[in-house]
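Here is the structure we will look at.
The values are calculated or read from the model by the stated rules, or taken from the named source; none is laboratory data. Given the structure is predicted, the values throughout are model-derived calculations rather than measurements. Here the Cβ positions follow ideal geometry from the backbone for every residue, glycine too, while neighbour counts run over all protein chains shown. Heads up: the accessible areas ignore ligands, DNA and RNA and are worked out on the full protein's heavy atoms, side chains in. Shrake-Rupley method; radii C 1.70, N 1.55, O 1.52, S 1.80 Å.
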Amino acid sequence: MRLTVIGCSGSFPGPDSPASCYLVEADGFAILLDLGSGALGPLQRHIGLYDIEAVLLSHLHADHCLDLCGYWVARTYAPEGPKPRIPVYGPEGVADRMARAYDLELDPGMRQAFDFQTLRTGTFRLGPFTITTAPMSHPVEAFGFRVEHEGTAIAYSGDTGECEELVRLARGVDLLLAEASFLDRPDLPPDLHLTARQAGEHATRAGAGRLVLTHLVPWNDSASILAEAKSSGYGGPIELACPDAVYEL
């Protein structure tokens, strides 16, 4: 299984990275975890536009889903004709949310390009992958994902505050891709995002083999994020996500 970071900037694209988007591949089958603002362009450095088999949207904030609009254009108006529909998994109302984002009529909206599926908590098969979803702690309906293939596993937090479900979802994974939007300071809003220290604590409790910090808000200092995560007591390798990074599992 191969994980490629397409975009890892938190809340909005930064000068060096688009917003959230992660390419996961195995056995010639490719899926995207999120397709946030600015991600569609650099995605094409790593895979053909029409080689994606499915898109999984953790939640419907723009920095995690908005480039689905551009992808709808690319699949609908391809020079040789419309491309076959592919599944797009997202929270309740995902089809209408994306239609409104591009100012389309709700019916058909983007349904001629995408087969929209509503995410529920649980486990399902997608190509060679076993996907497990769990609810995260965020102001809108949001999911974390666990992706497994032939004995290896990654977990992706999406956006979340402190959350026991994330610990359970990431139990024993080879790699935890965890958001670290905040640095420790007084009076942080609850149930919104993790600090870098909290990301490390969640990785420790889950027994994750490697921690990759993502959803990195551009105004935070990278050295401070990494230092805070390392102060959490997590004993495994810790690094900051960066665009074009590839993890072979």
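Data table
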{"read-out": "Cα centre as origin, Lys/Arg/Asp/Glu Cβ charges: the chain dipole, Debye", "value": "300 debye"}
{"read-out": "Percent accessible area from carbon and sulfur atoms, the chain, protein chains only, probe 1.4 Å", "value": "50 percent"}
{"read-out": "Point-to-point label distance, R168-R85, nm (Cα→Cβ direction, 7 Å offset)", "value": "3.3 nm"}
{"read-out": "Residues with amide H under 5 Å from that of F116, placed H, sequence gap 5 or more", "value": "V88"}
{"read-out": "Rounded accessible area per residue of the stretch 19-86, 1.4 Å, Å²", "value": "34 Å²"}
{"read-out": "Kirkwood Rh and Cα Rg combined as Rg/Rh, the stretch 105-154", "value": "1.08"}
{"read-out": "Separation in nanometres of the label points that stand 7 Å from Cα toward Cβ, at D115 and R45", "value": "3.2 nm"}
{"read-out": "Rounded to whole Å, sorted largest first: equivalent-ellipsoid semi-axes of the stretch 123-249, Cα gyration tensor", "value": "23, 17, 13"}
{"read-out": "Calculated diffusion of the stretch 1-137, Stokes-Einstein form, Kirkwood radius summed over Cα pairs, 37 °C and 0.692 mPa s, µm²/s", "value": "218 µm²/s"}
{"read-out": "Point-to-point label distance, D103-A227, nm (Cα→Cβ direction, 7 Å offset)", "value": "4.7 nm"}
{"read-out": "Within a Gaussian network of the chain (alpha carbon springs, distance under 10 Å), most fluctuating of P91, P218, P82", "value": "P82"}
{"read-out": "Stretchable slack from C242 to T123, in nm (0.36 nm times residue separation minus alpha-carbon distance)", "value": "40.0 nm"}
